[in-house]
1. Restricting to the stretch 49-73, name every residue that is surrounded by fewer than 19 Cβ atoms within 10 Å (Cβ to Cβ) and away from the ligand (no atom under 13 Å from the Cβ).
2. Within the bounds of the stretch 17-36, is there any residue that is at pLDDT 95 or above and over 27 Å from residue 302 (Cα atoms)?
3. Considering 60, 67, 49, which residue is at positive phi, not hydrophobic (A, V, I, L, M, F, W, C) and not assigned by TED's automatic domain parsing to the domain that holds residue 169?
4. Would you be able to tell me the number of residues in the stretch 231-244 that are over 20 Å from residue 192 (Cβ atoms) and either assigned to a loop (DSSP other than H, G, I, E, B) or within 12 Å of the ligand (Cβ to nearest atom) (or both)?
5. Restricting attention to the stretch 165-216, report how many residues are of a type in the set (A, V, I, L, M) and part of a loop (DSSP other than H, G, I, E, B).
6. Looking at (1) without any contact (Cβ under 8 Å) to a residue 40 or more places away in the chain; (2) farther than 30 Å from residue 81 by Cα; (3) not hydrophobic (A, V, I, L, M, F, W, C), which one does residue 135 not meet, given that it meets all the others?
7. Looking at the stretch 284-305, can you tell me whether even one residue there is within 24 Å of the chain's Cα centre (by Cα) and within 22 Å of residue 159 (Cα to Cα)?
8. How many residues are among the charged types (D, E, K, R) and within 16 Å of the ligand (Cβ to nearest atom) if we restrict to the stretch 262-285?
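The values are calculated or read from the model by the stated rules, or taken from the named source; none is laboratory data. Just so it is clear, the model here is predicted, and its values are computed rather than measured. Cβ coordinates were reconstructed from backbone atoms using ideal geometry, including for glycine residues, and neighbour counts include every protein chain displayed. Only protein heavy atoms, including side chains, enter the accessible area calculation; ligands, DNA and RNA are left aside. Shrake-Rupley method; radii C 1.70, N 1.55, O 1.52, S 1.80 Å.
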Amino acid sequence: MARKTFPRTALAALSAVSLLALGACGSGEASGGGDTISVGFSQLGAESGWRTANTESVKGNLTAENGFDLTFVDAQQKQENQIKALRDFIAQDVDVIAFSPVIETGWDEVLQEIKDAEIPLVLVDRTVDTTVDDPYVTWIGADFKQEGITAGEWVVENAPDAKIFELQGTLGSGAQVDREEGFDSIVGEENIVGKATGNFTRAEGKAAVEAALQAYPEMNLIFAHNDDMGLGAIEAIEAAGKVPGVDIQIVTIDGVKDGLKALHDKKFNYVVECNPAFGDQIADAITKIVAGEEVPKETIVVDKAFDQTITMEEIDARAF
Ligand code: AHR
């Protein structure tokens, strides 16, 4: 069967979902009529400030007080851990499974198992690339390609002659694939002197930039797929005796507090937001699914962008 990549359109497609056909409640006991809804949530890891904020938002909304019985498992950025957690959730016969896939491919078997068990699936944050037909009820996340485009447009406008090094996220993840596609389509491959992954972590981002400083001495702009890798880049650039934000400009994605402080300190030059605080939307979707109500097939979380005019008041007022 041909592999199918699920679309990430800019607008939520309000396609109806046959929840009855899916069997909305795994246990048959929770029905949204006041009973507790059991949810198995496989978070992909704790690799970044964004992820920590996303986990807090999920746990802060899928609470007992709000009617949920949450089993939360951190996969430590390993797909095999996620697959094991998903199979455990099937064995527990939870009412709803939610997960944020670390990479796009490799899920066919377990997605089919979830479907066969008739447990509704909510896809969170990242997307999947699978042969399984209609594997999830709803997906909630950001438009990663648009984030890359927004970053690229700033570079074309403000640093048109830049020699760019692209600090990629986890290879094969939706966030890496789509941000790279969006950014590269705007700045042009010919302006990118090199690329390497920093796996969305500060330590690996720093190591990748240390190597890049040797390999690409001409680079004067780094596009980091997240704030944490950009913060690692600052450390590597300063250790090499250069000035981040001046000798080497830095453009990132996320907009967590540490990243925006670096922007305020003029060590970052531009930050495209990826909002992690959508646990309320996940909780709302799960409640509706269990109640047999229709939900949109896709919900895009709205993002902003920030330049160096950002104030500390704005940063302090943010939730993440
Ligand atoms: O999938 C979202 C990305 O994952 C965030 O941009 C990054 O910080 C995280 O690790």
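1. Across the stretch 49-73, the qualifying residues are 56, 59, 60, 63, 64, 65, 66, 67, 69, 71, 72, 73.
2. Yes, the conditions are met somewhere in the stretch 17-36.
3. Only one candidate passes the filter, namely 67.
4. At the first step, the residues of the stretch 231-244 found to be over 20 Å from residue 192 (Cβ atoms) are 231, 234-235, 238-241, 243.
After this cut, where a residue has to be either assigned to a loop (DSSP other than H, G, I, E, B) or within 12 Å of the ligand (Cβ to nearest atom) (or both) as well, the list is 231, 240-241, 243.
The qualifying residues number 4.
5. Of the residues in the stretch 165-216, the ones of a type in the set (A, V, I, L, M) are 167, 171, 175, 177, 186-187, 192-193, 196, 203, 207-209, 211-213, 215.
Those left that are additionally part of a loop (DSSP other than H, G, I, E, B): 171.
Looking only at that region, the number is 1.
6. (2)
7. yes
8. Going through the stretch 262-285 one residue at a time, the tally reaches 1.
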